[in-house]
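Before any comments, here is the structure.
The values are calculated or read from the model by the stated rules, or taken from the named source; none is laboratory data. The shown structure was predicted, so the numbers you read here are calculated from the model rather than taken from an experiment. For neighbour counting, all protein chains shown are included, and Cβ atoms are generated from backbone atoms with ideal geometry for every residue, glycine included. The accessibility values were calculated without ligands, DNA or RNA, using every heavy atom of the protein model including side chains. Shrake-Rupley method; radii C 1.70, N 1.55, O 1.52, S 1.80 Å.
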Amino acid sequence: QVQLVESGGGLVQAWGSLLLSCADSGRTLSNYSLGWFRQAPGKEREFVAGASWNGETTYSPDSVEGRFIVSRDNAKNTVFLQMTWLKPEDTGIYYCAAAPHVRSLRSGRIDYWGQGTQVTVSS
């Protein structure tokens, strides 16, 4: 059973940075594409970024491209989301997700979800 655990969320001022991490201490994640979603209050959960098993990455939506970078370390069973130039509209709960392929991530066909970590960006 995969159990994804996020960490690194918190309160940050606008234009600041945060590094989110997601790991599974038990089962290897190297066979999965891993990604990040976020959900702002009153809004639907949206795909933010994803990385295939070998580190190929994709970004969505356009509002985070160039500011958010996803990476993974298969040796540490961990996926990261480096967020820079944060804006108040980036506020939300950030979820880690595992799926068979990056296209699965983008279409929301997720095998495993983390419990989420809160990110709050103050203006």
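Please verify whether segment 20-35 includes one or more residues that are touching a helix residue (DSSP H, G or I) at 6+ places or on another chain (Cβ under 8 Å) and over 22 Å from Q1 (Cβ atoms).
Within segment 20-35, none of the residues are touching a helix residue (DSSP H, G or I) at 6+ places or on another chain (Cβ under 8 Å) and over 22 Å from Q1 (Cβ atoms).
Just checking, how many residues over segment 2-24 are open to solvent by 30 Å² or more (accessible area, probe 1.4 Å), among the hydroxyl-bearing types (S, T, Y) and closer than 15 Å to V79 by Cβ?
Final tally of qualifying residues: 1.
Scan segment 25-84 residue by residue and report those that are free of Cβ contacts under 8 Å to residues at least 12 places away in the same chain and either of a type in the set (S, T, Y) or open to solvent by less than 20 Å² (accessible area, probe 1.4 Å) (or both).
Scanning segment 25-84 gives a single hit, Y59.
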